[in-house]
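**Q** First the structure, then my questions, so here it is.
Bear in mind these aren't lab numbers, they're just calculated from the coordinates by the rules spelled out. All of these numbers come straight from a predicted model, not from anything done at the bench. All Cβ positions, even for glycine, are placed from backbone atoms using ideal geometry, and neighbour counts span all protein chains on display.
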Amino acid sequence: MKAFKLAALSTLVLSGILTTSVHAAQTNSGENDARELPKNVVMVIADGMGPVYPVLYRNFKDDPETNIVETTVFDRLLVGSSATYPHKSSGYVTDSAASATALATGVKTYNGAIGVDINKEPLLTVLEYAKIKGMRTGLVSTSHIVHATPASYIAKNESRRNYDEIADDFYDNRAEGKLVADVIIGGGVKYFKRSDRDLVKQFQGAGYQYIDSFNGLKTLKPGSQTNVIGLLADVALPPLLDSEIETPLMKMSKSAIKQLENDDKGFLLVIEASQVDWAGHSNDIAYAMGEMDDLAAAMTFLEAYSRESKDTLVVLTADHNTGGVSIGSKGEYKWDGSWLENMKNSPQTIATRIHEEDLQQDGIEELLGFELSRSEYSQLSKASDAKESYVALKQLLDAKTFTGWTTGGHTGVDVPVYATGPGAKKFIGYQDNTDIGKEIFHLLNRQD
Ligand SMILES: [Zn+2]
């Protein structure tokens, strides 16, 4: 991708964005405005988390002893909804790249585009703009950090698949000469330490502390404002159900904030809960609830952080819906998440272990956390390899929980928007995904 001048670009793009009033009807006047301006902004994107996932999660966490379904952190923070469609040339159903680019830049683009418009011209992102404004900046993800969603905030590429070029942009793309992200935490060592280039060395040369494990997070001194590149897995982090870490997303988010906070100019942190999407693509309800658990822990931490710091806006949305999941299936008016409560691993890992460890009924029951009927066991043991076992296991869990799926891909439904802290009101009601990007530009622009 050709080099471009970000400073010139920023003036151009912002003159367009900032003269358009977003959510004009909800803008508070004068005095209120000042009070409503956040110093810090945390943008959380739950990849693939369409509107049904938070409801599934509420049911999953429901206390069966009471007559109500208890609300969750998501219900507490809900403010609105967002359309997700990409540039019309790509139709009504977006991919993560186009939607993340819309959230990051306020501009719609084609499916597959990373930080570029339909003419493949680079767009200014809120992360770059925050850096130009002198703020501290960070990116956190549970997938490889070069994956479409985090990449759209920092890289410019015509295709989300060019992972090596995207990794190069993490270092080469500058905001007025400065590296764009001060803190980078996620997976993806293999894209940064390559035979043709060692980006980790280059980041270290630029003063970044490199860590390669969750233990490494503990070596970071709180409040030290160290710049960090943390690549905690070769590619993506494991699903929560297979993780040795209890709440990885929450821990990474907390560590990132500790390195970014206490700066006069504030910080912008972008966090991606990546694998709700992958669970949706796999039509795997157990995997999905695990990832929602991690996201709920991260949001509970961020909600408390926003309340205590008083000057931090937290926004959560999804880039699109994945899997077309339903609560109830095959004509039954039922859903039962209790079967998912005691699983020792993700269904994928359990399927692999069934074959690698030649597990019998009691061994499988131990991993699933429930007893199998004779016919259920015979269904599972008929599978000739891990792939077939995984399919059989997902069918079993769907049948027991009454979960339905309509696709292995994305769907074009609107997604929920959650917000808390100063500026949260700006996200009330219906909006477009580009409005969220534009609103963050506005909030950063007015702050000084
Ligand atoms: Zn997806």
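**Q** Just how far, in whole angstrom, is region 188-202 from region 286-318 if you go by their alpha carbon centroids?
**A** 31
**Q** Residues of region 35-77 with the amide nitrogen closer than 17 Å to a label point 7 Å from the Cα of THR406, along Cα-to-Cβ, please.
**A** Flagged as within label range: 48-56.
**Q** Treating the angle as unsigned and between 0 and 90°, give the value, to the nearest 10°, between the Cα long axis of helix 386-401 and the longest Cα principal axis of the chain.
**A** Computed tilt is about 90 degrees.
**Q** For LYS254, go through the lysines and keep the ones whose alpha-carbon is under 16 Å away, minus same-chain ones fewer than eight residues off.
**A** Reachable lysines: LYS218, LYS221.
**Q** Could you calculate the contour length gain from ARG174 to ASP212, that is, 0.36 nm times the residue separation minus the distance between their Cα atoms, to one decimal place in nm?
**A** Full extension from ARG174 to ASP212 adds 11.3 nm.
**Q** Could you give the Stokes-Einstein D for region 336-401 in µm² per second, using the C-alpha Kirkwood radius, 25 °C, 0.890 mPa s?
**A** 213
**Q** Write out the GluC sites (Glu not before Pro) in region 354-421 meeting two conditions: DSSP loop, and at most 13 other Cβ atoms within 10 Å of their Cβ.
**A** Here the GluC sites (Glu not before Pro) that fit, given the DSSP loop and packing criteria, are GLU357, GLU371.
**Q** Mind listing which trypsin sites (Lys or Arg not before Pro) in region 231-321 are in a DSSP loop and have 16 or fewer other Cβ atoms within 10 Å?
**A** Listed in order of number, the matching sites are LYS265, LYS310.
**Q** Taking a quarter of the surface of the convex hull around the Cα atoms of the chain, what do you get in nm²?
**A** Taking the Cα atoms of the chain, their convex hull projects to 22.5 nm² on average.
**Q** Moving on. Radius of gyration and Dmax for region 133-261's Cα atoms, expressed in Å?
**A** For region 133-261, the Cα-based Rg and Dmax read 13.7, 42 Å.
**Q** Distance in nm between label sites at LYS190 and HIS355, each 7 Å beyond Cα in the beta-carbon direction?
**A** A separation of 1.9 nm, rounded to one decimal place.
**Q** Quick one: which residues, 5+ away or cross-chain, put their amide H under 5 Å from the amide H of GLN431? H built at 1.01 Å from N.
**A** Distant-sequence amide H within range of GLN431: SER81, SER82, ALA83.
**Q** What residues qualify as long-range amide H neighbours of SER143, i.e. H under 5 Å apart, gap of 5 or more or another chain, H built at 1.01 Å from N?
**A** Long-range HN contacts for SER143: GLY187, LEU237, SER274.
**Q** Alpha carbon centre of region 375-437 versus region 225-269: separation in Å?
**A** Region 375-437 and region 225-269 have Cα centres spaced 24 Å from each other.
**Q** Within region 350-370, find all residues whose amide N lies under 17 Å from a label point positioned 7 Å from the Cα of SER384 along Cα-to-beta-carbon.
**A** From region 350-370, the list is 355-356.
**Q** Using the alpha-carbon centroid of each, what span in Å lies between region 129-153 and region 325-356?
**A** Cα centres, region 129-153 to region 325-356: 33 Å.
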